[in-house]
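Please read the structure below before turning to the comments.
The values are calculated or read from the model by the stated rules, or taken from the named source; none is laboratory data. Treat the numbers as computed from the prediction; the structure is a model and nothing was measured. Quick reminder, even Gly has a Cβ in these numbers, built from the backbone with ideal geometry, and neighbours come from all protein chains shown. Please note that ligands, DNA and RNA were not included when accessible areas were found on the heavy atoms of the full protein model with its side chains. Shrake-Rupley method; radii C 1.70, N 1.55, O 1.52, S 1.80 Å.
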Amino acid sequence: MKIAISGKGGVGKTTLAAMLAHLFARDGYRVTAIDCDADINLPSALGIIEKPKPLSELHEIIEKRVVGPMGMYKLNPKVDDVFEEHSVYNEDGVRVLVLGTIEKGGEGCFCPENAFLRAILRHAIFKQKDVLILDMEAGIEHLGRGTARGVDVLVAVIEPGTRAVETLERIERLGKDIGIEKIAVVVNKFIESEKARELVSRIRYPILGFIPYSECFVKADLENLPPYKVCDTAPFEEIKRKIEAMVE
């Protein structure tokens, strides 16, 4: 299963990614979780104290693997050894990597790093077995058209607010542009109300689940604890079951 999780900042993408990684690992899957967000929070959400080095900062390796003669770029550089050497594992056995950010100060800086990170994602999506979870930025442009076709499902995380449908429409456009066929929704920080239900009723994609608003997620963040150690996992277990059913 290859799962990409997207949504605007602060909606709970990383919490969902960490919870799913934990639950899949608990059930015996080999799990790889990749932090593709500029705000690097997934390692700590998975209980890793020392953050892995972002792959975008491997400047010497990127220069060697990506930049060819006459300044040309290799679009499919060798990355399998980099993937292995820069992985870290949490206590559940979840493999964690961090993509890092791309400094877009100029074409010479942007293109090699972009090619390198896309090669990492291609390697993860097409070579890794069992479960892959991608904690994406608000957009999913990192994936690219060819790479995205290996993603089984794009999970859009939204809050039940007035801008939620707009966010979902943007994710839908991006998903279609790069060829992701299955899109599903998780509604986070849900507080039961007539207005919230009305907003949710406008969603035309499968809803995997509702995660109730809870202070325990704030506590987990403040105490730098994985959310699955202090919060109820039941809503996430239901989401996991529905994802498994979608990609069978």
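Here is the figure for segment 160-219: residues that are within 22 Å of VAL247 (Cα to Cα), open to solvent by 30 Å² or more (accessible area, probe 1.4 Å) and part of a strand (DSSP E or B) total 2.
Which pairs have Cβ atoms under 7 Å, sit 6 or more apart or on different chains, and link a residue in segment 85-112 that is on the phi < 0 side of the Ramachandran plot to one that is assigned to a strand (DSSP E or B) and modelled with pLDDT under 75? If the second residue must be assigned to a strand (DSSP E or B) and modelled with pLDDT under 75, the pairs left are CYS111/TYR73; PRO112/TYR73. Quick check: is even one residue across segment 133-140 at pLDDT below 80, under 27 Å from VAL200 (Cβ atoms) and acidic (Asp, Glu)? Yes. If the condition is being farther than 14 Å from MET19 by Cβ and out of contact with any strand residue (DSSP E or B) (no Cβ under 9 Å at 6 or more places or on another chain), then segment 203-243 contributes ARG204, GLU215, VAL218, LYS219, LEU222, GLU223, ASN224. Looking only at residues that are without any contact (Cβ under 8 Å) to a residue 40 or more places away in the chain and out of contact with any helix residue (DSSP H, G or I) (no Cβ under 6 Å at 6 or more places or on another chain) in segment 230-248, which one is most open to solvent (accessible area, probe 1.4 Å)? Taking the candidates together, the pick is GLU248. One residue stands out among those in segment 47-64 that are open to solvent by 50 Å² or more (accessible area, probe 1.4 Å) and part of a loop (DSSP other than H, G, I, E, B): the one that is nearest to ALA220 (Cα to Cα), which is ILE49. If we scan segment 70-91, do we find a residue that is of a type in the set (Asp, Glu) and part of a loop (DSSP other than H, G, I, E, B)? Yes: one or more hits. If you take the residues of segment 72-90 that are open to solvent by 50 Å² or more (accessible area, probe 1.4 Å) and at pLDDT below 90, which of them is farthest from the chain's Cα centre (by Cα)? For segment 72-90, the residue satisfying everything is MET72.
Counting only residues that are open to solvent by less than 40 Å² (accessible area, probe 1.4 Å) and either outside any helix (DSSP H, G or I) or of a type outside the set (S, T, N, Q) (or both), segment 2-46 holds 31 of them.
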